[in-house]
Amino acid sequence: MARSFRPLASLLTAALMIAPASAQIMKSPDAAPEKAAPQSKAQVQLSFAPVVKRAAPSVVNVYGSHVEARGQSRSAMDEFMRRFFGENGGGRGRGGAPGERAQKSLGSGVIVDESGLVITNNHVIENMNEVRIALADRREFEATIVLRDPRTDLAVVKIKNPTGGLIPMAFGDSEALEVGDFVMAIGNPFGVGQTVTQGIVSALARTQVGSSDYQFFIQTDAAINPGNSGGALVDLQGRLVGINTAIYSQSGGSHGIGFAIPASMVRAVVETAKGGATAVRRPWLGARVQNVTPDIAESMGLDHPTGVLVASLQAKSPAEEAGLKRGDLILTVDGKAVDDPEAFGYRFALKGLSGQTQFGILRGTGRSTVTVKLGPAPETRPRDTLKVRTRSPFLGATLVNTSPAVAEELQADFPAEGVAVSGVDEGSVAARAGLQKGDMIVAINGMPIATTKDLERITRNSLNMWEVSINRGGEVLTSVFGG
């Protein structure tokens, strides 16, 4: 960062931190500070450079590409595009070859372990099958994808055969951040190269951003732009307090509203990857919670809406075994206040898969604490995975029997009738029919579907008409398709 003179007010603020004697310029809490020239060379040469030198070597550029082989035959339009515009901009990924089609992405990442583990955003490498990492010293390495977690928009990749000299960034305490704290964003905006921007924490616990399922973001006015995704948000000790993930922008550039995933969630994903897992599993509660509206808050004698309301419970779930009841108001998770379902989901997800946690609840007019056992959602029956390959509206879909574990993975309600769509091949008949991951197939031609075997038996037949009923987000939709 280039050094420059700051406005006098900024210098005075910094001087208060460096020279206690200068605090005497404040005559009283209500008095305006006296104007004064800098009293020392140190006050003029204030700089974030030492922090940047400590943190910048841990921040990397992440290049993702999806290369797929193409057949040798070309249509007339393919040949026209190749001759006049090249193969998709040259028709080659990094090291690509003729006959390959490549998609590319660019983002940032942070080295979090000396072995070469790098944390980045899932959307940076989503759908990518090749990843390269460029270090701050311009060395480049191939990397393998270790773990993807779309629900937090985080992913972990590992540098192949690192040659040494990797500098991991230490984790900071994102729970200790306060609004007004200085932070810096380090990344590769617009692909121009590593860039550092400085700002403050503008807000905490932002939950209505929409870029992941576990929404609990740090908001900052440090400039974040496309390409910064996956980069580091660091404190003044050069420690990682967040992974930059989203911006609020109508133009694509920074408007001073950026969002970062807190380091507490980042650390949980990294520890999962270090343990050898390829997917993040989270504790199961077995209850559905909802927002507290002003009317509900008033009816419960609250001054303002807070907490989350227990709307329903599943039989034999940790929530039921803990003694929670429908209508209970959950106010805290291990003493941390929760104000909406997103904040509750974030706090509960951090608890891990063993031990227990405590909820502070309001039931009627009385407050109490309940202890909830932590553990993963169970597989109450075999999935019996079915990949449909016969001609039907389900061709190209993968279906499984439902269970709490399946519902947790697909973010679907449980219990629910039908079988769950766990995946849909791109461009398949099922995709064109509108099937989506998480849909529940309830009935076909009026016949209830309870298991994948039911669906497999029906799709063996060649039918002229398919009437399909789907439960999507609690709403049953019925569509008719030709045979």
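The values are calculated or read from the model by the stated rules, or taken from the named source; none is laboratory data. Predicted, not measured: the structure shown is a model, and the values here were computed from it. As a convention, Cβ positions derive from the backbone with ideal geometry for all residues, glycine included, and neighbour counts pool all protein chains shown. For the accessible areas, the whole protein counts, side chains as well, though only heavy atoms, and no ligand, DNA or RNA atoms are used. Shrake-Rupley method; radii C 1.70, N 1.55, O 1.52, S 1.80 Å.
Could you tell me whether any residue of segment 336-343 is open to solvent by less than 20 Å² (accessible area, probe 1.4 Å), within 25 Å of Gly418 (Cα to Cα) and in a helix (DSSP H, G or I)?
Checked segment 336-343: no residue is open to solvent by less than 20 Å² (accessible area, probe 1.4 Å), within 25 Å of Gly418 (Cα to Cα) and in a helix (DSSP H, G or I).
Look at segment 419-449 and say how many of its residues are acidic (Asp, Glu) and either in contact with a Pro (Cβ under 9 Å, 6 or more places away or on another chain) or open to solvent by 30 Å² or more (accessible area, probe 1.4 Å) (or both).
The total comes to 2.
For the subset of segment 270-291 comprising residues that are of a type in the set (A, V, I, L, M) and in contact (Cβ under 8 Å) with a residue 40 or more places away in the chain, which member is most open to solvent (accessible area, probe 1.4 Å)? Before you say what the answer is, go through the steps one by one.
Initial filter on segment 270-291 (of a type in the set (A, V, I, L, M)): 270, 273, 277, 279-280, 285, 287, 289.
Pick out the ones that are also in contact (Cβ under 8 Å) with a residue 40 or more places away in the chain and you get 270, 273, 277, 279-280, 285, 289.
Values: Val270: 2, Ala273: 9, Ala277: 38, Ala279: 54, Val280: 31, Leu285: 12, Val289: 31 Å².
If we take residues in segment 270-291 being of a type in the set (A, V, I, L, M) and in contact (Cβ under 8 Å) with a residue 40 or more places away in the chain, then Ala279 is most open to solvent (accessible area, probe 1.4 Å).
Which ones in segment 292-302 are assigned to a helix (DSSP H, G or I) and open to solvent by less than 30 Å² (accessible area, probe 1.4 Å)?
Ala297
Might you check whether a residue that is open to solvent by less than 40 Å² (accessible area, probe 1.4 Å) and touching a Gly at 6+ places or on another chain (Cβ under 6 Å) occurs anywhere in segment 346-366?
Within segment 346-366, none of the residues are open to solvent by less than 40 Å² (accessible area, probe 1.4 Å) and touching a Gly at 6+ places or on another chain (Cβ under 6 Å).
State which residue pairs qualify: first residue touching a residue at least 12 places away in the same chain (Cβ under 8 Å) and inside segment 144-173, second residue part of a loop (DSSP other than H, G, I, E, B) and of a type in the set (Phe, Trp, Tyr) in any location, beta carbons under 8 Å apart, and separation of 6 or more residues or different chains.
Arg151/Tyr214; Thr152/Tyr214
For Gly327, which of the numbered conditions (1) small (Gly, Ala, Ser); (2) in a loop (DSSP other than H, G, I, E, B); (3) closer than 14 Å to Leu285 by Cβ; (4) modelled with pLDDT of 90 or more fails to hold?
Result: Gly327 passes all but (3).
Tell me which residues, restricted to segment 163-205, are hydrophobic (A, V, I, L, M, F, W, C), closer than 15 Å to Pro57 by Cα and crowded, with 20+ Cβ neighbours inside 10 Å.
Within segment 163-205, Leu166, Met169, Met184, Ala185, Ile186, Val196 meet the criteria.
Within segment 299-327, track down each residue that is of a type in the set (D, E, K, R) and in contact (Cβ under 8 Å) with a residue 40 or more places away in the chain.
Residue satisfying the conditions is Glu321 alone.
Which condition breaks for Glu426 when tested against (1) of a type outside the set (Ser, Thr, Tyr); (2) within 28 Å of Ser354 (Cα to Cα); (3) within 24 Å of the chain's Cα centre (by Cα)?
Unmet condition: (2).
Counting only residues that are touching a Lys or Arg at 6+ places or on another chain (Cβ under 6 Å) and β-branched (Val, Ile, Thr), give me the strands (runs of 3 or more DSSP E) lying completely in segment 117-172 with at least 1 of them.
Passing ranges, in order: 140-149.
Quick one: which residue in Thr398, Thr452 is open to solvent by less than 10 Å² (accessible area, probe 1.4 Å), among the polar types (S, T, N, Q) and touching a strand residue (DSSP E or B) at 6+ places or on another chain (Cβ under 8 Å)?
On inspection, the qualifying residue turns out to be Thr452.
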